[in-house]
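Colleague: Please see the structure below; I have some questions.
The values are calculated or read from the model by the stated rules, or taken from the named source; none is laboratory data. Keep in mind that what you see is a predicted model, and the values were worked out from it rather than measured. For neighbour counting, all protein chains shown are included, and Cβ atoms are generated from backbone atoms with ideal geometry for every residue, glycine included. Protein only, heavy atoms only, side chains kept; ligands, DNA and RNA dropped before computing areas. Shrake-Rupley method; radii C 1.70, N 1.55, O 1.52, S 1.80 Å.
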Amino acid sequence: MEYANWRPATLSRRRHLIAIAALLAAAAASPAHAQSYPTHTVRLIVPFPAGGSNDVMARLIAPHLEQALGQPVVVDNRPAAAGQVGTEAVAKAPPDGHTLLLVASSFTVQPAFNPKLPYNTEKDFAPVSLVNTNAMIFFVNPQVPANTLAEFVELARREPGKFNYASPGVGSQTQLTIELLSRRAGIRLVHIPYRGGAPATMAMISGESQFTMLAPNVIFPHIEAGTIRPVASGDVKRHPRLPNVPTTAEQGFPYLRAIQWVGVLTTAGTPKPIVDRLSAELNRIVHLPDVVAALEKQGVSPTGSTPEEFEKLIATEIAQWTEVVREANIKPE
């Protein structure tokens, strides 16, 4: 009996020692791999058309990243299938940091509408860093007797279904955010989708719709002209061009953080020292004076983040939008 009991224990101990040795070998190899990285061209895949704001962002940071890494950094536009082709290419690339993906806020919206994406949004990628953020602005038609978001919500509570809200389309971040507000605040608004932010803004000016949320660079000329009235900023800090407009959190809506963002991912399984190095370089690059000036010209703020912070943001938004889509029964067009 003693012998019978001893043998499995010995085998178990051997397996344990082998596992520890494998972990130590991997740990030793990882820093070495990171020190030699990169060994060839780094490809920055942009799943959006050339010439758009996200493509401009990629081409702004690529030369600086190339200088920092000592290898060519090539911007590769792959907008096919609503960006799924380019995104899938990064999901299936070797996990060595030589293939990067520049994504926008829509990255966390897609899984809420399509559970059959050809990749797992949370498991197939390693978040590297946020690059920039853009606070969304909530605003009303000037005929609406409300100067703040809190005042508008109170009006909507008293008269359910009276107010329309415009959006750039079904499934847009605007629709999902306002549906989140409606459910949490207990109000009922009528959704009118348009084909883009410009026609949605025109509907607000004409009075066809009374409330919405859009990116500030689209609406600033109309705010300055007085044809629309801002009632809240969606970021944690007030917008620098709208210092008198309180944030959603200041008005009692802490769950309503409404920002557009751009960030960089790589393939899941990429050694952490490589991810950390890329993150550190991107955080440095987005705060270079020429990059800051270019971003501010576009109306966005340089942000940066740790990989862990970016990962948390992605997970939080996916869970949030999935719940909103389910509760509001939103169907993609």
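Colleague: Quote to one decimal, in nm, the extra length available between Gln143 and Asp276 on full extension: 0.36 nm per residue of separation minus the C-alpha distance between them.
Modeller: 42.8 nm
Colleague: May I ask for the equivalent-ellipsoid semi-axes of the chain, computed as the square root of five times each C-alpha gyration tensor eigenvalue and listed largest first in whole Å?
Modeller: 43, 25, 17
Colleague: Can you compute 3J(HN,Hα) from phi for each residue in the stretch 300-316, using the Karplus curve 6.51 cos²θ - 1.76 cosθ + 1.60 with θ = phi - 60°, rounded to whole Hz and x for Gly and Pro?
Modeller: Calculated HN-Hα couplings, in order: 10, 10, x, 10, x, 5, 7, x, 5, 5, 5, 4, 5, 4, 4, 4, 5 Hz.
Colleague: On to the next question. Measuring with a 1.4 Å probe in the full set of protein chains, what accessible area per residue, in whole Å², belongs to the chain?
Modeller: Per residue, the chain has 47 Å² of solvent-accessible surface.
Colleague: Starting from the Cα of Val236, step 7 Å along the direction of its Cβ; do the same at Val74; then give the gap between the two resulting points in nm.
Modeller: 3.9
Colleague: On the protein heavy atoms, probe 1.4 angstrom, tell me the percent of accessible surface of the chain carried by carbon and sulfur.
Modeller: Exposed carbon and sulfur together represent 56 percent of the surface.
Colleague: Let me ask something else. Could you work out how far helix 173-185 tilts from the main Cα principal axis of the chain, as a 0 to 90 degree angle to the nearest 10?
Modeller: Helix 173-185 sits roughly 80 degrees off the main axis of the chain.
Colleague: Continuing with the same structure: Could you grab the relative contact order for the chain? Cα pairs under 8 Å, six or more apart, rounded to a whole percent.
Modeller: Computed value for the chain: 25 percent relative contact order.
Colleague: Normalise the Cα radius of gyration of the stretch 139-285 by 2.2 N^0.38 Å (N = residues in it) and let me know the number.
Modeller: Here the Cα radius of gyration is 1.21 times the empirical estimate.
Colleague: List the relative contact order of the stretch 190-255 as a percent without decimals, with contacts defined as Cα pairs under 8 Å and 6+ residues apart.
Modeller: 18
Colleague: Could you tell me the calculated FRET efficiency between Ser36 and Asn217, based on Cβ-Cβ distance and R0 = 41 angstrom, to the nearest 0.05?
Modeller: The pair Ser36/Asn217 has a calculated efficiency of 0.50.
Colleague: Could you tell me the relative contact order of the stretch 129-233? Use alpha-carbon pairs under 8 Å, at least six residues apart, and round to a whole percent.
Modeller: Contact order relative to length: 45 percent.
Colleague: For Lys92, go through the lysines and keep the ones whose alpha-carbon is under 19 Å away, minus same-chain ones fewer than eight residues off.
Modeller: Partners found: Lys116, Lys123, Lys272.
Colleague: Mind listing the long-range amide H neighbours of Phe125? Cut-off is under 5 Å, sequence gap 5 or more, other chains count too, H placed in the peptide plane at 1.01 Å from N.
Modeller: Under 5 Å from the amide H of Phe125: Ala268.
Colleague: Related question: Could you point to the residue in Phe107, Pro118, Leu149 farthest towards the positive end of the stretch 96-191's charge dipole, with +1 and -1 charges on the Cβ of Lys/Arg and Asp/Glu respectively?
Modeller: Of the options given, the answer is Leu149.
Colleague: I would also like to ask the following. Extension gain Gln298-Ala315, at 0.36 nm per residue separation less the Cα-Cα distance, in nm?
Modeller: 3.4 nm
Colleague: Can you give the helix-only mean residue ellipticity at 222 nm for the chain, where every DSSP H stretch with n ≥ 4 adds -39500 (n - 2.57) and the sum goes over all residues, rounded to the nearest 500 deg cm²/dmol?
Modeller: So the helix-based figure for the chain works out to -15000 deg cm²/dmol.
Colleague: Nothing charged except the Cβ atoms of Lys and Arg (+1) and of Asp and Glu (-1): what's the magnitude of the dipole of the chain about its Cα centre? Round to the nearest 20 debye.
Modeller: Here the chain has a charge dipole of around 580 debye.
Colleague: Another one. Under a point spin-label approximation (7 Å from Cα along Cα-to-Cβ), what is the Met202-Lys92 distance to one decimal in nm?
Modeller: Taking the simple label geometry, Met202 and Lys92 are separated by 4.2 nm.
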